[in-house]
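Below is one structure, written out as structure tokens; the observations come after it.
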Amino acid sequence: MPRLLIVKTGDAFPEVIEQYGDFEALFQKILARHGFEAEVFDARHEPLPDLKGIDGLYITGSHAMVSDAEPWSEALKPWLVAARERNLAMLGVCYGHQLMAAAFGGKSDYHPAGRESGTHEVTLTESGREDPLLSTLPTHFPAQLTHAQSVLEAPSGSVVLARNAHDAFQALRYGPRQWSVQFHPEFTPEVMRAYLARQVDELRNRGEDADALMRGVIPTPEASSLLASFAQAVAMPSQGSVALTHRG
């Protein structure tokens, strides 16, 4: 079994935690269904762990903002750079996506068009359709999204794997085994609806139809499959360079 580490960068809303579990628990539930386990490291309150012996990292979402440059978040950047230099497998999600992009030389900040929330279609680029990890997905697939900030400038040398009408960088690859996605593969429809319920006033103030967004929430099994696909790739070194287990 690979040693997988979830880098926790924030907490979900209290009602979400009570009913469905916190961000890391949502990851763990999906992984457990496929026979994988993952430890949790809370980056806000714990010292940075030694990368030696870790096979793969997940970096979670957060209600924090990358552009606020909180000390714990800034401390993660050189740690993630060191992980990439070791060719450690990584998958960043939402805040993790924005943080990885910023750590590797891109720019993450508030999106000029405002928040994106609800279930929305994401489209693979040509590179995405050929990517060792994302090529398992259909060219067009629904995904759960809730974010005010985005990757505004991708790092030099990164590869754009997916986009949609709101975001040019819905998924990026930074190296042979390092990916990030703006959407939430760990979210269930129930969690997505709970987030929309929190955002009703904000969405209406922006002229969006919050009720229509709520009705539009659907299951996103293709997007959710990424969490287990990543773990399986890390666990099976015989499947090619993306899958090579790497212990430093």
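The values are calculated or read from the model by the stated rules, or taken from the named source; none is laboratory data. The shown structure was predicted, so the numbers you read here are calculated from the model rather than taken from an experiment. FYI the Cβ positions are ideal-geometry reconstructions off the backbone, even for glycines, and counts take in every protein chain you see.
Tabulated results
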| read-out | value |
| --- | --- |
| Residues within segment 76-115 that are part of a loop (DSSP other than H, G, I, E, B) and either touching a strand residue (DSSP E or B) at 6+ places or on another chain (Cβ under 6 Å) or crowded, with 21+ Cβ neighbours inside 10 Å (or both), tallied | 5 |
| Which numbered condition His166 fails, given (1) farther than 27 Å from Ser73 by Cα; (2) assigned to a loop (DSSP other than H, G, I, E, B); (3) not hydroxyl-bearing (Ser, Thr, Tyr) | (1) |
| Residues being of a type in the set (A, V, I, L, M) and over 17 Å from Val122 (Cα atoms) - total across segment 153-183 | 1 |
| Exclusive hit being at pLDDT 95 or above and over 24 Å from Ser229 (Cα atoms), set His97, His111 | His111 |
| Glu85 vs. criteria among the acidic types (Asp, Glu) and more than 20 Å from Gln199 (Cβ to Cβ) | yes |
| Output for segment 135-157, where each listed residue is surrounded by 18 or more Cβ atoms within 10 Å (Cβ to Cβ) and assigned to a strand (DSSP E or B) | Phe141, Pro142, Ala143, Gln144, Leu145, Thr146, His147, Gln149, Ser150, Val151, Leu152 |
| Test for Lys52: is it of a type in the set (Lys, Arg) and assigned to a helix (DSSP H, G or I) | no |
| All positions within segment 177-207 that are among the charged types (D, E, K, R), under 22 Å from Arg33 (Cβ atoms) and either touching a residue at least 60 places away in the same chain (Cβ under 8 Å) or touching a His at 6+ places or on another chain (Cβ under 6 Å) (or both) | Glu186, Glu190 |
| Residue pairs meeting the criteria (Cβ under 7 Å; at least 6 apart or on separate chains; first at pLDDT 95 or above, in segment 49-65; second polar (S, T, N, Q) and not in a loop (DSSP other than H, G, I, E, B)) | Ala64/Ser73; Met65/Gln149 |
| Failed criterion for Arg204 (all others in (1) in contact with a helix residue (DSSP H, G or I) (Cβ under 7 Å, 6 or more places away or on another chain); (2) modelled with pLDDT of 95 or more; (3) surrounded by fewer than 18 Cβ atoms within 10 Å (Cβ to Cβ) hold) | (2) |
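For (1) within 21 Å of Glu186 (Cα to Cα); (2) surrounded by fewer than 20 Cβ atoms within 10 Å (Cβ to Cβ); (3) of a type in the set (Ser, Thr, Tyr), each residue gets a yes or a no:
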position: Lys8; (1), (2), (3): yes, no, no
position: Asp22; (1), (2), (3): yes, yes, no
position: Ala43; (1), (2), (3): yes, no, no
position: Ile54; (1), (2), (3): no, no, no
position: Ser62; (1), (2), (3): yes, no, yes
position: Ala69; (1), (2), (3): no, yes, no
position: Glu74; (1), (2), (3): no, yes, no
